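Trainee: Supplied in structure tokens, the structure appears directly below.
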Amino acid sequence: MSEATITGPDRKRVLIIYSSTHGHTAKIASNLAGTLQSNGLLVDVREVLEGAYVAPGAYDAIVAAASIHRGHHQKEMVEWVREHRRELDAKPNAFISVSLTAAEDTDEAIAETTRCIDEFKTETAWWPDRVEAVAGALQYREYDSFTRIFVRLLMKQGGHPTDSSRDHDFTDWKALHRLGDELAAQFSAVTSA
């Protein structure tokens with residue numbers, strides 16, 4: 001999707017691989033890539049369905065990003081991580097879990113977000129170097145009619161936005177930028193093999 005064009009002998013290559021149901025995780029991956037690039041890293045952003053054509057071993061660091069839907073991360077990301085776990089373990093890495101529950105600061109929401117991340121780790125047998133739960137978005141305009149009605153009912157029960165004429169973005173973009181700066185520092189310090 002995007003790759004920095006400036007090259008240099010010490011520039012580290014980072015793969016950001018993501019799965020996105022309604023496009024918000026793609027937006028997060030792209031934003032993170034921009035921050036890493038502004039810190040001098042070469043970044044390649046790929047949707048997980050393109051992952052079969054990506055050689056993770058060619059990168060110095062890898063970030064996987066997936067969203068939670070119906071209590072689970074996308075199966076395509078679970079399968080990709082399972083297939084490439086050894087390559088992930090061999091280099092600095094991070095996992096970004098995107099969900100609406102990450103937007104809430106309640107014990108119940110934190111427990112649910114943690115449960116989904118722990119389930120992902122167990123299913124993939126991958127224990128990332130760093131895990132970040134990032135708040136997602138209610139994307140009413142992307143949902144079909146049935147899903148829009150169902151989600152509105154769920155949101156009403158939880159006291160969340162029900163205006164389906166617009167999307168509701170809960171991502172803390174400043175925090176995501178700080179995460180990108182921190183990952184850039186970590187990845188830049190890696191000694192190439």
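Trainee: Once neighbouring chains are kept in place and the probe is 1.4 Å, which whole percent of the accessible area of segment 1-118 is contributed by carbon and sulfur?
Mentor: The C+S portion of the solvent-accessible surface of segment 1-118 is 49 percent.
Trainee: So what does His22 come to for accessible area, using a 1.4 Å probe and Å² rounded to 10?
Mentor: 60 Å²
Trainee: May I pose another question? Need one number: convex hull volume per residue for segment 5-97, Cα atoms only, in Å³.
Mentor: 94 Å³
Trainee: Could I ask something else about it? Using a 7 Å offset from the Cα along the Cα-to-Cβ direction at both Glu119 and Glu47, what is the distance between the two label points in nm, to one decimal?
Mentor: Here the modelled spin labels are 2.4 nm apart.
Trainee: What is the gain in length, in nm to one decimal, between Val131 and Arg178 on full extension, counting 0.36 nm per residue of separation less the C-alpha to C-alpha distance?
Mentor: 15.5 nm
Trainee: Tell me, in nm to one decimal, what length is gained between Ala111 and His72 on full extension, where the rule is 0.36 nm per residue of separation less the Cα-Cα distance?
Mentor: Working it through step by step, the gained length comes to 12.7 nm.
Trainee: While we're looking at this one, here's another question. Quick one: ranking Asp60, Asp44, Asp169, Asp107 by accessible area, 1.4 Å probe, largest first, what do you get? Could the numbers behind the result be given before it?
Mentor: Working: Asp60 35, Asp44 5, Asp169 70, Asp107 135 Å².
Ranking Asp60, Asp44, Asp169, Asp107 by accessible area, largest first, yields Asp107, Asp169, Asp60, Asp44.
The values are calculated or read from the model by the stated rules, or taken from the named source; none is laboratory data. Note that the coordinates shown come from a computational prediction; the quantities given were computed from them, not determined experimentally. Neighbour counts are summed over all protein chains in view; Cβ atoms, including those assigned to glycine, are modelled from backbone coordinates with ideal geometry. Just so you know, the surface numbers come from the protein's heavy atoms only, side chains and all, with ligands and any DNA or RNA stripped out. Shrake-Rupley method; radii C 1.70, N 1.55, O 1.52, S 1.80 Å.
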